[in-house]
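Okay, so here's the structure we're looking at.
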Amino acid sequence: MPLSLSKKSSLIAQSEIRSMTLECARVGGINLAQGVRDKEVPLPVRSGAHEAIARKMLEYNGISADPES
């Protein structure tokens with residue numbers, strides 16, 4: 001006997017990304033896990049990312065990059 005749609009849906013596991021999204025919302029965090037933002041990235045986060053990328057480029061690739069430009 002085939003399962004009904006409602007019984008099948010109870011067998012579907014939630015993805016880890018969705019679980020992280022729900023947990024982030026629960027604690028009022030900023031979810032960066034899915035890569036799509038609906039708000040502008042705060043300046044301290046943007047600046048930190050630029051610095052991290054410049055550091056990685058120098059250490060791993062031997063390329064000197066100015067994080068300000």
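Derivation of every value follows stated rules applied to the coordinates shown; laboratory data play no part. Just so we're clear, the structure is a prediction, and the values are computed from it rather than from any experiment. In this analysis, Cβ positions are derived from the backbone assuming ideal geometry, glycine residues included, and neighbour counts consider all displayed protein chains.
How many nm separate the modelled label positions at SER69 and VAL41, each set 7 Å beyond the Cα in the direction of the Cβ?
2.0
Report the longest stretch of the chain that contains none of the GluC sites (Glu not before Pro) sitting in a DSSP loop with at most 12 other Cβ atoms within 10 Å.
1-39
If we count other beta carbons within 10 Å of each Cβ, what is the order of LYS7, LYS39, fewest first?
LYS39, LYS7
Divide the volume of the convex hull of the Cα atoms of the chain by its number of residues and quote the answer in cubic angstrom per residue.
Per residue, the Cα convex hull of the chain comes to 156 Å³.
What residue among GLY62, CYS24, ALA49 has its Cα farthest toward the positive end of the dipole of the chain, where the charges are +1 on Lys, Arg and -1 on Asp, Glu, each on the Cβ?
CYS24
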